[in-house]
Each structure stands twice: as C-alpha cells, then as structure tokens.
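First comes the structure, then the notes that go with it.
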Amino acid sequence: MHRERVTEPQPSHHARKYEIILFFVAIVKVFKQKTDKKQRLSLSPLTRRFMPTSALVRPLILASTSPYRRALLERLHLPFTPRAPRVDEAALPNECPADTALRLAVAKARAAVIAGNPELIIGSDQVADLNGEALGKPGDHRHAALQLRAMRGQSVVFHTALCLLDAASGRYQLENVPSTVRFRDLSDAQIETYLQREQPYDCAGSAKIEALGVALILGIDSSDPTALIGLPLMTLVSMLKREQIEVI
C-alpha cells in the first residue's frame with residue numbers, strides 16, 4: 001500500500017531571523033543580570049541596602065586618593081572607584097585662590113580619564129584664601145605652624161571647587177563652594193598641641209575640621225558644610241541629578 005509522506009512545514013526566513021534575535025536578547029539579559037549582581041555584591045551590605053536602582057547608569061570615578069573625600073562620597077551610598085590623578089597642584093603666576101581651585105578640579109577630573117570609558121568623573125580641589133594669599137597643603141610640621149599662626153584671629157575663605165566630567169562627551173559641570181571660617185586667637189602652645197595630635201599636613205590650611213581642628217574655629221559660614229571637609233556633597237547631588245543619577 002502506498003503511504004503518503006508527510007512533510008513538516010519549514011519555518012520561514014523571517015521566523016528564523018526572529019528566533020535568532022530572541023536568542024541573543026536572552027543572552028544579553030543573562031549577562032547583564034550576572035554583571036549587576038557581581039557589581040552589587042562587591043559593595044558593603046549597608047551600601048547595597050540603600051543603593052537606588054537608578055544608580056550605576058555610568059561608572060562613577062572619584063579622581064582622588066584622599067581618605068577624607070572617599071569617606072564623604074561613601075555617605076551617598078553610590079558605588080564608585082577612586083583613581084589617582086597626576087596633577088601639578090602649584091598655583092599659576094598671579095592666579096587667585098578661587099581660580100586655582102577651579103582649574104585644579106577640572107585638571108584632576110581630566111587626568112583620571114581612561115580613553116574609551118564612558119565614565120562620570122568627580123574632581124575636587126580646595127585652596128584656603130587668607131586676604132588674597134593662597135594656602136595649600138602644608139606638607140610638614142613647620143609649614144603647618146606658619147599657616148596656623150598667620151590664620152589665628154582671622155577669617156579665612158576655603159574655596160572648594162567641584163567638577164563632574166562626562167568622559168564620553170568631554171563636557172563638565174563646575175562650581176566653587178566657598179566656606180568662610182573664623183579662627184580663634186590661638187597661642188603658639190595651642191597650635192603646637194593641635195599639630196602634635198592631628199598632624200594635618202595633607203589638609204589645606206592645616207585645618208582638619210572633621211577632627212580636632214574644630215577646636216581652632218569660632219564659626220563657619222557655608223552653604224554646604226561638607227565643602228570644608230573637601231567634597232561638597234549637596235552640590236554633587238545636584239550635579240548627578242542633571243546626569244540622570246538620583247541618589248534617593
């Protein structure tokens with residue numbers, strides 16, 4: 001008896017193409033889930049708990065090795081990577097303190113760029129201004145003592161410049177957040193005691209406000225209290241928002 005062969009219908013060219021697309025979409029989703037999980041697990045449990053889901057649109061880089069700036073940025077519970085910028089921090093001839101801080105903030109952010117990486121890079125710099133004279137990091141005990149003796153009984157403006165650079169486009173946001181600090185009229189012995197205990201040789205103006213340096217100060221006038229420590233977080237939150245990154 002003759003049996004008729006039944007031929008199964010073959011999928012069309014468009015159906016095959018659609019199946020291939022779905023296959024690759026599935027692979028991309030699995031890869032993204034594994035990458036996101038790995039990235040979140042590398043964070044502390046507290047950061048993972050409070051980190052918003054909208055974060056990590058682009059990698060965030062802190063162009064600084066300062067432990068003070070790193071501790072400040074950790075307050076926002078956003079994942080970031082510190083990267084050391086190689087920048088000459090010397091002021092230019094006839095450059096005012098505010099301009100020095102602004103220029104160096106941009107220079108630090110640009111120095112941390114890695115070609116081809118679409119990152120957001122935070123650069124910041126602080127320069128103390130005593131009646132137009134720039135006071136940077138003292139570097140050693142002798143220079144720190146000279147700075148504090150010059151500042152006692154005076155009002156000093158700490159210019160903290162902040163730059164947020166979009167490495168992909170090269171555009172950046174830049175702002176100076178000044179803080180006016182009124183220093184106590186300290187004796188040489190008080191200055192020496194402070195320096196022996198704190199050794200603030202890596203702080204602009206030798207004033208480590210987040211620690212014993214608070215005892216040097218009568219008052220502070222600033223729109224952003226974190227600026228004096230080295231990184232204006234209120235200003236940074238606003239800058240990140242303009243880059244579509246919500247902190248909360």
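Computed packing ranks the peptides 98-111, 188-201, 136-149 as 98-111, 136-149, 188-201, most packed first, by mean other Cβ atoms within 10 Å.
If R0 is 22 Å, the Cβ-Cβ spacing of Ile114 and Ser238 corresponds to a FRET efficiency of close to 0.30. With protein chains left intact and a 1.4 Å probe, residues in segment 97-163 average 38 Å² of accessible area per residue.
Ratio of Rg to Rh for segment 114-190: 1.17 [Cα atoms; Kirkwood radius as inverse mean 1/r over pairs].
Accessible surface of segment 86-223, 1.4 Å probe: 48 percent of it comes from carbon and sulfur atoms.
Return the inverse of the average 1/r over all pairs of distinct C-alpha atoms in segment 179-224, which is the Kirkwood hydrodynamic radius, in Å to one decimal.
When all Cα pairs of segment 179-224 are included, the Kirkwood radius is 11.1 Å.
The values are calculated or read from the model by the stated rules, or taken from the named source; none is laboratory data. Quantities reported herein were computed from a predicted structural model and do not represent experimental measurements. Every residue, glycine among them, receives a Cβ derived from its backbone with ideal geometry; neighbour counts consider all protein chains shown. Heavy atoms of the whole protein, side chains included, go into the accessibility calculation; ligands, DNA and RNA do not. Shrake-Rupley method; radii C 1.70, N 1.55, O 1.52, S 1.80 Å.
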